[in-house]
1. Whole number please: convex hull volume per residue of the Cα set in segment 113-155, in Å³?
2. Kindly state, to the nearest 0.05, the FRET efficiency for residue 158 paired with residue 55, given R0 = 35 Å and r defined as their beta-carbon distance.
3. Give the peptides 101-108, 236-243 in descending order of average Cβ contacts within 10 Å, highest first.
4. In which sequence would 253, 343 go, from the one with the fewest C-beta neighbours within 10 Å to the one with the most?
5. Do me a favour and compute the ellipsoid semi-axes for segment 47-158 from its Cα gyration tensor, root of five times each eigenvalue, largest one first, whole Å.
6. What nm value, rounded to one decimal, do you get for the distance between residue 297 and residue 370 when each label is placed 7 Å out toward the C-beta?
7. Quick one: length gained pulling residue 105 to residue 231 fully straight, 0.36 nm per residue minus the C-alpha distance?
8. Give, in nm to one decimal, the length gained when the segment between residue 128 and residue 73 is fully stretched (0.36 nm per residue of separation minus the Cα-Cα distance).
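Values in this text are rule-based calculations from the coordinates and carry no lab data. These numbers come from a predicted model, not from an experiment. Ideal geometry is used to build each Cβ from the backbone, glycine not excepted, and the neighbour counts take in all protein chains shown.
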């Protein structure tokens, strides 16, 4: 098992770089995981103080409109500085001061009310929208009928649409799935990049003329030599898959509802096997470390962009989407592509990845035999 141990010792030389890259990846994953939220939207009401200085149907209509979904406190007299202090201390979301001449100002198109809000809070936007909505509808009705009819305006504002609120349990599962899907997409990219670079550099050292000549003249059979290399590379790939797979579970241990972990694990295994077969092709073409690193970055980053990992597939053009169907990284993401996906839906993408692996191995064997033939000549 000399070759097997040698491969692992060469891999151990890159331990610092592997640890740095792994920690960077997990650090980014943790940051994004914290931004994932499964909160369900809920309606909320505002605390509004209305200073009504007018005896007017328009003012009463505005108060009725604001009282529909909010907590409204109506007063007649007020201390302006005190109300402003209440707003900025967040005791209330805002205040509306109704001018005593509201009707004449409304008829002349002048400003009818004063709104006091804290621009730092959400109440500033909501309260302005509610007041503006009331006067827009009231003004439209007035221009059409030439009369002020607040009851008609309020009736119009009461109209709405039916909204079906998502089941909170389903919404939580979907949010958990999207977070893990995002993590797995990047994990597949990291696996490709790490294996192509590190194993490529290790094989470069094993393909040095001195080592290859020693292997040829040694009593070690070619089958045994190749088998030990494949086993060592497979252990490295499995190690990377286990670290990233269980790392994702650890990061999102409380957010795994609706996550197809079995399909994610299979997808990571397949993309690592594809990367090993692809690396076999690259190693049979060149032994230049700089060229191998360049190819590794080009292939992994290029596939990631075209397969919708860095940029959502929906924003890519139709041409790019059609190209992505021919890339293995795209089929990797489709194995676990939807929450609740079944094996019958994933199996086609699994088989396509298997075919990619077989094709890369055949191509690698052809190039390796050609290189051996040229060496013997």
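1. Numbers: hull volume 2.9 nm³, N = 43.
Residue-normalised Cα hull volume stands at 67 Å³.
2. For R0 = 35 Å, the calculated efficiency reads 0.90.
3. 236-243, 101-108
4. 253, 343
5. The answer is 24, 15, 12 Å, longest axis first.
6. 2.7
7. On the way: separation 126, 0.36 × 126 = 45.36 nm, distance 8.58 nm.
This chain segment gains 36.8 nm when fully extended.
8. Working: separation 55, 0.36 × 55 = 19.80 nm, distance 1.71 nm.
Extra length from residue 128 to residue 73 when fully extended: 18.1 nm.
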